[in-house]
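Take a look at the structure set out below.
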Amino acid sequence: MIKINNNVIKKIYKKIKEYDKIVIARHIGPDPDAIASQTALRDSIRLTFPNKEVSAVGLGVSKFKYYGILDKIENEKFEDCLLIVLDVPNLVRVDGIDGLKYKEILKIDHHPAEDIKGKVDWTEETSCSTCQMIAELILKSPLKLDTKIAGNLYLGIVSDSDRFLLSYTTPKTFKIVNELLEESKIDFTSLYNYLYDRSLDEVRFQGYLANNMIVTEHGLGYIIIPNEVIKEYNVDLATPSNLINSFNFIREVIVWTFITEDSKNNSYKVSIRSHGPVVNKTAAKYNGGGHKFASGARLTSEEEINNFINDLDTLCEEYKRASISNID
Ligand code: AMP
């Protein structure tokens with residue numbers, strides 16, 4: 001039986017109805033799921049309630065402009081608003097709400113819960129994406145859908161589930177996608193270019209990563225990417241995270257991590273993926289977090305980088321040992 005969350009959906013819809021002013025935020029360094037869930041919910045509320053003031057905040061990312069333009073707000077105009085936070089469980093990583101005096105916070109997210117806790121909170125760790133949850137909310141409530149909203153939600157789901165490859169892809173994902181496509185009649189195969197269009201520079205950079213990734217005997221793949229390499233290939237700090245899923249299904253690799261120098265912030269931005277050991281606890285030890293098998297972190301020194309690599313390598317070693325003893 002696929003569980004549909006009628007209760008919490010009713011509560012969320014009631015809250016949306018109750019407020020005239022609504023601000024929708026998501027995490028810093030947004031990905032398609034974060035941006036698309038944000039603009040889809042904003043546009044659906046605007047379509048359903050044309051008299052409400054609804055804004056989607058945070059720093060815009062030019063390569064994601066297809067999903068919709070974000071709003072610049074004056075905090076004073078939105079005092080006492082409902083703040084809806086999407087795709088992020090902790091307040092420090094919410095983008096664009098500095099100085100905003102909101103009356104109430106409501107969270108919809110598929111990450112493990114952290115410090116954001118509103119009276120109404122929908123956390124569904126088994127969901128492949130926040131877009132899947134927003135699609136469920138719109139399909140199961142009086143909130144309206146149009147082709148643009150449906151397209152955004154579809155791309156967010158495809159992106160965060162890595163084309164239905166990752167383990168959080170469930171029968172419910174397919175049920176919701178089916179309903180979304182049936183209801184909106186969108187020409188979904190025509191949308192993939194918005195998600196997968198990339199430069200030759202990026203493809204060449206992917207080659208660099210493949211050529212330079214170190215793989216330990218325990219199955220940890222890692223690479224430390226200096227700022228000069230990012231510049232040389234004409235890519236940016238977000239590119240390694242965008243490419244990390246392409247390194248799935250490598251026979252010799254159980255866990256893989258890209259450690260990218262962020263010279264502006266004097267630190268290293270880290271992406272981690274796993275097809276076995278749970279990695280978000282290790283990420284949390286290094287200023288990070290995320291999902292069990294897809295996490296991120298921040299490192300600030302060479303010593304920390306070494307400790308982090310050793311911790312992940314030990315995880316792989318233990319995982320391999322446990323897998324062998326299970327076979328015995
Ligand atoms: P990424 O590798 O950047 O795609 O991130 C993978 C997952 O980890 C996403 O769900 C992020 O929201 C989460 N994440 C990335 N960096 C951090 C961080 N510094 N702290 C907490 N969660 C993070």
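In bins 10 Å wide, starting from 0, what share of all Cα pairs of segment 188-328 does each bin hold, as a percent?
Per 10 Å bin, starting at zero, the Cα-Cα P(r) for segment 188-328 comes out as 11, 41, 33, 12, 3, 0 percent.
Counting only C-alpha contacts under 8 Å and six or more residues apart, can you give the relative contact order of the chain as a whole percent?
That works out to 12 percent.
Tell me, what ³J(HN,Hα) does each residue in segment 305-321 have, in order and in whole Hz, if you take phi through Karplus 6.51 cos²θ - 1.76 cosθ + 1.60 with θ = phi - 60° and put x for Gly and Pro?
Here the 3J(HN,Hα) series is 4, 4, 4, 4, 4, 4, 4, 5, 5, 5, 4, 5, 4, 5, 5, 5, 4 Hz.
If you line up the Cα atoms of segment 1-142 on their principal axes, what length do they span on each, largest first, in Å?
Between the extreme Cα coordinates on each principal axis of segment 1-142 lie 45, 31, 30 Å.
Could you work out, for the chain, what percent of all Cα-Cα pairs fall into each 20 Å distance bin, beginning at 0 Å and stopping at the bin that holds the largest distance?
All Cα pairs considered, the percentages come to 31, 56, 13, 0.
Taking the Cα centre of the chain as the origin and placing charges on Cβ (Lys, Arg +1; Asp, Glu -1), which of Ile138, Val57, Gly290 is farthest toward the positive end of the dipole?
Positive-most Cα among the choices belongs to Ile138.
Under a cut-off of 17 Å between alpha-carbon atoms, report the lysines in cross-link reach of Lys14, not counting same-chain residues fewer than 8 places apart.
Here the lysines satisfying the reach criterion relative to Lys14 are Lys52, Lys103, Lys107, Lys119, Lys140, Lys144.
What order, most packed first, do the peptides 6-15, 168-177 have when packing is the mean number of other Cβ atoms within 10 Å of each residue?
The peptides rank, most packed first, as 168-177, 6-15.
Would you mind counting up the charge near Arg46? Only other residues with Cβ under 15 Å from its Cβ, with Lys and Arg at +1 and Asp and Glu at -1.
Within the 15 Å Cβ shell, the charges total +1.
Can you tell me the orientation of helix 130-139 relative to the chain, as the angle in degrees between its alpha-carbon axis and the longest Cα principal axis, to the nearest 10?
20
Enumerate the amide H contacts of Lys144 below 5 Å, restricted to partners 5 or more residues apart or on another chain; note that Pro and chain-start residues carry no placed amide H.
Distant-sequence amide H within range of Lys144: Thr48.
Most mobile of Tyr222, Tyr268, Tyr208 per a Gaussian network model of the chain (Cα springs, under 10 Å)?
So, out of Tyr222, Tyr268, Tyr208, the one fluctuating most is Tyr208.
Using Cα-only point scatterers and the Debye equation, what is log10 of I(q)/I(0) for segment 195-263 at each q in 0.24 Å⁻¹, rounded to two decimals?
Ignoring solvent entirely, the Cα scatterers give -1.10.
What is the order of Met133, Met213, fewest Cβ neighbours within 10 Å to most?
Lowest to highest Cβ neighbour count: Met213, Met133.
For segment 1-79, what's the relative contact order in percent, using C-alpha pairs closer than 8 Å and at least 6 residues apart?
30
Can you tell me the 0 to 90 degree angle between the C-alpha axis of helix 6-18 and the longest principal axis of the chain, rounded to 10?
Once rounded, the angle reads 60 degrees.
Sort out for me the Cα centre separation of segment 83-97 from segment 121-172, rounded to whole Å.
Cα centres, segment 83-97 to segment 121-172: 18 Å.
All of the numbers you see were taken from the coordinates with simple rules; none came from a lab. Here the structure is a predicted model, which means the values were calculated and not measured. Quick reminder, even Gly has a Cβ in these numbers, built from the backbone with ideal geometry, and neighbours come from all protein chains shown.
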